[in-house]
């Protein structure tokens, strides 16, 4: 059975789904948040902790995100670094064909680990 | 694209909640100039990042004070200028702005500056919420040259210029 939780702040919606095999966090809409860390980081942090305890991979899916300000990437960078230095498996997914996503998210490749425990994947 | 020069100006109150409307208005203007989706997205981002800085660091103590956002499109390129009132408390930001623009100019490829800034963010504590990525993103993703000037010690104008 899959459980889904939704979190909404202004025009940004974050959906968290756990199907027992993996934890998936999907971003929808547009993020103009002034302090996105206050909203986004606790969600990502909780998901990562749950995934580590359940030995599951976290998928962070940005493909349905239409716009984000530069501050929105900050909590993502911090959660990737936390996982990279500690435990957990994270796959960041973005839409390769969407130019702004390709430019913004492909740069996160610097956090990818050789064993692909942390991976950044451009998808169609 | 339309061969004529087109200009657009917005006055934005010091209200972060207006950023969604600012984004829509600038995107609509750029699309009306005939810019394709990818270019319209790119320069909307440039204008929005500068507007966010204007709201965040401006001084709005005077009644009616606002942020002015100007976007000009012609055959040569796109010019975005955001002007906001400043006060004594803004001087630290001006120094930081100057330092950041000079720092970004020091990189042959703005991608390197973007990567370096992301690495710095990853080393900062969770409590540090300021990304400092906006200006770097404008030069990297927006492929724009940044500049700024202060007029009469009371307004700050930051511009981003991109060739089409």
*Criterion (on the phi > 0 side of the Ramachandran plot, out of contact with any helix residue (DSSP H, G or I) (no Cβ under 9 Å at 6 or more places or on another chain) and within 14 Å of another protein chain (Cβ to nearest Cβ)) met by exactly one of A:29, A:20*: A:29
*Considering only the stretch B:103-119, state which residues are more than 8 Å from chain A (Cβ to nearest Cβ), surrounded by fewer than 18 Cβ atoms within 10 Å (Cβ to Cβ) and either within 20 Å of residue B:54 (Cβ to Cβ) or in contact with a helix residue (DSSP H, G or I) (Cβ under 6 Å, 6 or more places away or on another chain) (or both).*
B:107
_Among the residues that make up the stretch A:94-114, is at least one of them more than 13 Å from every other protein chain (Cβ to nearest Cβ), modelled with pLDDT of 95 or more, crowded, with 21+ Cβ neighbours inside 10 Å and within 25 Å of residue B:39 (Cβ to Cβ)?_
yes
*Check the stretch B:26-43 and report whether any residue there is under 14 Å from residue A:32 (Cα atoms) and within 14 Å of chain A (Cβ to nearest Cβ).*
no
*Which number in (1) within 10 Å of another protein chain (Cβ to nearest Cβ); (2) outside any helix (DSSP H, G or I); (3) surrounded by fewer than 19 Cβ atoms within 10 Å (Cβ to Cβ) marks the one condition that residue B:147 misses?*
(1)
*Can you tell me which residue within the stretch B:120-140, out of those that are more than 7 Å from chain A (Cβ to nearest Cβ) and over 16 Å from residue B:49 (Cβ atoms), is surrounded by the most Cβ atoms within 10 Å (Cβ to Cβ)?*
B:124
*residue A:80, sole failed condition from (1) buried (at least 23 other Cβ atoms within 10 Å of the Cβ); (2) more than 8 Å from chain B (Cβ to nearest Cβ); (3) within 28 Å of residue B:143 (Cα to Cα); (4) in contact with a strand residue (DSSP E or B) (Cβ under 7 Å, 6 or more places away or on another chain)*: (2)
_Going residue by residue through the stretch A:95-106, is there one that turns out to be farther than 30 Å from residue B:43 by Cβ and touching a strand residue (DSSP E or B) at 6+ places or on another chain (Cβ under 6 Å)?_
no
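The values are calculated or read from the model by the stated rules, or taken from the named source; none is laboratory data. Fair warning: this is a prediction, and the values are worked out from it, not measured in the lab. With ideal geometry, Cβ positions are generated from the backbone for all residues, glycine too; neighbour counts draw on all protein chains shown.
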